[in-house]
Amino acid sequence: MPIVYTPEPLGWVNVTPGMIVPTLTPRSAMAAFTTQCGDFPVGHCSVEQIRSLAGFTVTELGTIPPGLYFIGATGGPDGIYLHYASSKNSDSLTLFESHWTGNNEQTYWQVGPDANVISVDIHGVPGEYVRGAFLSDNGSPANWNPGFDVQTLHWVQNGTFIQMQYANAGGKVDMNGMVDLAASLTTQPVSAL
């Protein structure tokens, strides 16, 4: 399979402190499979089911972090979500995948002006990593917190834009661990591995 490189770095968009909290859902118009699969973040389709519905190659984690379990998948023809979580839902990992259009706007993600976006190598494929999230107390304006335990990695591979977000890893996974998880993505059934 060919590796698709973007001509310029994937786009993260800085947001001024005090702006409205951006949604953690990169695309909002992907509820086409809600009837069959449920709505994000509690989709209930299997990976095989979502593959049969999506119009592009869908990958899944080849290595699932200890304590996480596959919960379900949902989405639409423009993008799908695979959701993994702990038994008490204290930590979770979400994969968002969509067909790469070649338009860098597809990769835009809102981060704070003090976010430390780091270029990473995923077995020869360039990606970008950031730690942090927008937080708001009692409806106050949101501010970027670079220390908050949300890690996001995104990249383009084999014609698919992939974004992986791990929330509340609690030190179980760091940037290198995120890269290792990204490198483990497979199109083969994980049970066969």
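The values are calculated or read from the model by the stated rules, or taken from the named source; none is laboratory data. Just so you know, these numbers come straight off a predicted model, no measurement behind them. Every residue, glycine among them, receives a Cβ derived from its backbone with ideal geometry; neighbour counts consider all protein chains shown. With ligands, DNA and RNA removed, areas are computed over all heavy atoms of the protein, side chains included. Shrake-Rupley method; radii C 1.70, N 1.55, O 1.52, S 1.80 Å.
Things worth noting here:
- For first residues located in region 46-63 and of a type in the set (Asp, Glu), partners that are at pLDDT below 90 and lie 6+ apart or on another chain with Cβ distances below 7 Å form the pairs GLU60/VAL190.
- Residues within region 54-99 that are more than 22 Å from ASN176 (Cα to Cα), open to solvent by less than 60 Å² (accessible area, probe 1.4 Å) and not in a strand (DSSP E or B), tallied: 3
- Selection over region 100-120 of residues that are more than 13 Å from the chain's Cα centre (by Cα), under 13 Å from GLN163 (Cβ atoms) and assigned to a strand (DSSP E or B) gives a count of 2.
- In region 121-137, the residues that are open to solvent by 20 Å² or more (accessible area, probe 1.4 Å), within 18 Å of the chain's Cα centre (by Cα) and over 25 Å from GLY159 (Cα atoms): ARG131, PHE134
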